[in-house]
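Since the structure comes first, as structure tokens, the remarks are kept for the end.
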Amino acid sequence: MKKLFAEFFGTFWLVLGGCGSAVLAAAFPDVGIGLLGVSLAFGLTVMTMAYAIGHISGCHLNPAVSFGLWAGGKFSMKDLPSYVIAQVIGGIAGAGVLYLIASGNADFSTAGGFASNGFGEHSPGGYSLVSCLVAEVVMTFMFLLVILGSTDKGAPSGFAPIAIGLCLTLIHLISIPVTNTSVNPARSLGVAVFQGDWALGQVWLFWVAPIAGAVLAGFVHKALFATKD
């Protein structure tokens, strides 16, 4: 239960911190943080929680990460369902708190997307379903390679959270214009629940693509890069 609570609060923080920066601060008049700030916010949520709960649960915060670690031989299948459930509940709770805060503004509306992920007409840059699918698969694939590599027994000790946080920042810098960047099904579903319109209809892509990319990365790392006993 300690591990599941850690995953709940960690994913809660990721959604509140990352999506919160997009909803509340990205375009704030005169001092908006923009895409660079949002990208950094997502990276910081993961890095801070990795140091806070990494020793408890491994700090997955993301169903795709849990699937990828399983494929890489670093995580047990028996723990996978409970981790995913905790992450999804944490993501929805984080989005719920964000909704409570954001709705206190008289001009607030979820019509702008509420930091939801989308493709086609709901892609920030108008990218097609295929473009968004490829982006999410490849970005999650690279994210898992960094996670698996930086936490491998042969990697320098203590630096994994920094590498992982910076990798997520880079991923957002690349792909916010394409999909608003998911690489995390729990993050996507959390805000989609409160957007309540098109986001729920498109959220399937942001489960399928990240998990596929993560599982592929797990198998690749295990076959090619893992430090052998």
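Descriptive notes on the structure:
- Dividing the Cα radius of gyration of the range 105-173 by 2.2 N^0.38 Å, with N the residue count, gives 1.50.
- Accessible surface, per residue, of the range 52-151 when the full set of protein chains is kept, probe 1.4 Å, Å²: 42 Å²
- Hydrodynamic radius by Kirkwood, which averages 1/r over all alpha carbon pairs of the chain, in angstrom: 17.3 Å
- Across the range 1-65 the C-alpha pair distances fall into 10 Å bins from zero in the proportions 24, 45, 23, 8, 0 percent.
- Annotation: extensible slack from residue 80 through residue 101 equals 4.4 nm (criterion: 0.36 nm per residue apart, minus Cα-Cα distance).
- Where only alpha carbons of the range 68-145 are counted, the Rg and the Dmax (Å): 16.7, 49
- Computed from backbone phi with θ = phi - 60° and the Karplus coefficients 6.51, -1.76 and 1.60, the 3J(HN,Hα) list for the range 102-107 is 5, 6, x, 8, 4, 8 Hz; x is used for glycine and proline.
- Looking at the range 177-229, the trypsin sites (Lys or Arg not before Pro) that sit in a DSSP loop and have at most 12 other Cβ atoms within 10 Å of their own Cβ are 228.
- Crossing angle, helix 34-57 versus the chain [Cα axis fit, 0-90 degrees, rounded to tens]: 40 degrees
- The packing ranking, built from the mean of other Cβ atoms within 10 Å per residue, places the peptides 157-165, 94-102, 177-185 in the order 177-185, 94-102, 157-165, highest first.
- Between helix 129-150 and the chain: long-axis angle, C-alpha atoms, 0 to 90°, nearest 10: 40 degrees
- Surface analysis of the range 1-46 yields an accessible area of 51 Å² per residue, using protein heavy atoms and a 1.4 Å probe.
- Accessible area per residue for the range 169-227, computed on protein heavy atoms with a 1.4 Å probe, is 36 Å².
- Accessible-area composition of the chain, carbon plus sulfur, in percent [1.4 Å probe]: 71 percent
- Helix 205-224 vs. the chain, principal-axis angle (Cα, 0 to 90°, nearest 10): 20 degrees
The values are calculated or read from the model by the stated rules, or taken from the named source; none is laboratory data. Owing to the predicted nature of the structure, the values given are computational and were not obtained by experimental measurement. Every residue, glycine as well, gets a Cβ built from its backbone with ideal geometry; the counts of neighbours run over all protein chains shown. Quick note on the areas: whole protein, heavy atoms, side chains included, nothing else; ligands and nucleic acids left out. Shrake-Rupley method; radii C 1.70, N 1.55, O 1.52, S 1.80 Å.
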